Each structure stands twice: as C-alpha cells, then as structure tokens.
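Everything on this sheet refers to the single structure shown next.
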Amino acid sequence: MRPININRALVAPLLAEFLGTGILVMVALVLSQTTAVPYFIGTSVAATLGLIYVFFNNLSGSHFNPAITIGVWTARKISTLWGIGYIIAQVLGAVGAWQLYQYFINQTLPAKTTPFATPSFIAEAVGAMILAMGLTAAFVKALDTLTSALTYATSFFVGILVAATASAAFLNPAIALAMRNVNLVYVLGPIIGAIVGVNLYIWVFGPAPVKAKAKATTVKVFRRGRKAKK
C-alpha cells in the first residue's frame, strides 16, 4: 500500500482555521448556555482566542472569523481562493462545534429570530471593527506571537464589551451560525465592521508601501503567518 501524500502547505492552514474556529465556537456555546454575564463571557472567549492564536498563527494567520477573512480579502492581503477556503473551513468548524455541543447536552438548540435593529447592527459593526483593527495592528507592526495574541484577544474583549450594550456581541458570523441566530445584524454587521477595521488600519495608520516586493510579502504574512524573527 502506498503512503498517502498530503500537501501540508495546503491542508495545514485550512485545518488550522477549522479547528481554531471550532474551539472558539464551542467555548462561546458553553458560555452562552451557562452564564449571561458579558464580562465573564468576554474574558473567557478572549482568552480562548489568544490561546488558539498561539496554536495556529504561523499556519493560517489565525482569522477564525469569516468577517475577518472578508476584511483581509478586501484589503487584498489574501487571494480569493484562499479566502473562500478559509471561510468554508470556518463555517465547517462552527457547524462541527454546534453539532458536537448538541451531542454533549443531548438537546437541540432552538433557532432564534432577531428582528433588525439599527443600534444592534451598528454595535456589531463597531465591535468587529475593534477586533479587526487589533489583528491588523499585530501584523502591520510585526509583533511577536505572544504580544500579537494578547493584542488580538484584548481587542476581542473590548469589542464584546462595546457591542454588548446593544447586541449579543457575537462579532463573528461563525458564532452566530452555531448559536442559530443568523440574520443581518449578526452576519452583515460584523462583516462591514471588519472591512472598515482592516482597511482603515492598513491604509491610514499603517506604513505607506514603498516597494511592490514589500506588498507581496504582506500578502503572504496575512495568509500564512509570519516567519520567526532571527
């Protein structure tokens, strides 16, 4: 029998997004069913995001959020094919976590209907913008892994606290999917916020591009993670 050849360069980033999103969503599901305290939920999911960032950053860039991937794609820092692959992996990770959670509790999570409300929509967008700016700042400034993880996690915590004043503060369409609360507020809101956050930081606060070669390097960094500093 011939050994199965696996292209790790193709599989590892997608598997990292699948597993990372699944872990994040599972923690969010557990917390949503056991506590309603935004501060505790925000702290716990932020800590989880920081942990999985350390796990997978050098493989995929640690998006774990379709809104973040779309934001990075609009800034032309990830190719269309990789962006689609990331989103598929994230959605599958969310669905997997959702089904596994239902298996654990032996219950079916009911679908929720949330009517559109402008304050909730804006709250999700603003929270996701803060989250996206945190990740983008870590890449633009070329921070080390631990500092980047802390920056990304803290941005998630702050974004949740801000958004929780008017919404469920998912800030992630994958989490909304697993919570069975898919609507414009929790899908389109984070996407718009992430697009604004990524592009605002790159093109306004980030360094001006000097050479085409430097730009190409940034694309690789956002998609596959940074190389360790020598």
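Net length available on complete extension from Ala208 to Gln107 is 31.1 nm, with 0.36 nm assigned per residue and the Cα-Cα distance removed. Each listed q (0.07, 0.17 Å⁻¹) maps to a log10 I(q)/I(0) for the chain from the Debye sum over equal C-alpha point scatterers, namely -0.21, -1.19.
Remark: Tyr103, Tyr152, Tyr53, Tyr201 ranked as Tyr103, Tyr201, Tyr53, Tyr152, counting other beta-carbon atoms within 10 Å and listing the fewest first. Ordering Arg8, Arg180 by the number of other Cβ atoms within 10 Å of each residue's own Cβ, fewest first, gives Arg8, Arg180.
Here the extension length gained between Thr118 and Ala142 equals 5.0 nm, from 0.36 nm per residue of separation less the Cα-Cα distance. Cβ-to-Cβ counts within 10 Å put Met179, Met129 in ascending order as Met179, Met129, the fewest first. Once the Kirkwood radius over Cα pairs is known for the range 139-185, the Stokes-Einstein relation at 37 °C and 0.692 mPa s delivers a diffusion coefficient of 269 µm²/s. Starting from the Kirkwood Rh over alpha-carbon pairs, what translational D in µm² s⁻¹ does the range 102-150 have by Stokes-Einstein at 4 °C and 1.567 mPa s? Here the translational diffusion coefficient equals 91 µm²/s.
Values quoted throughout were computed directly from the atomic coordinates according to the rules given, and no laboratory measurement underlies them. These numbers were taken from a predicted model, which means no experiment stands behind them. Glycine gets a Cβ as well: all are built from the backbone with ideal geometry, and neighbour counts include every protein chain shown.
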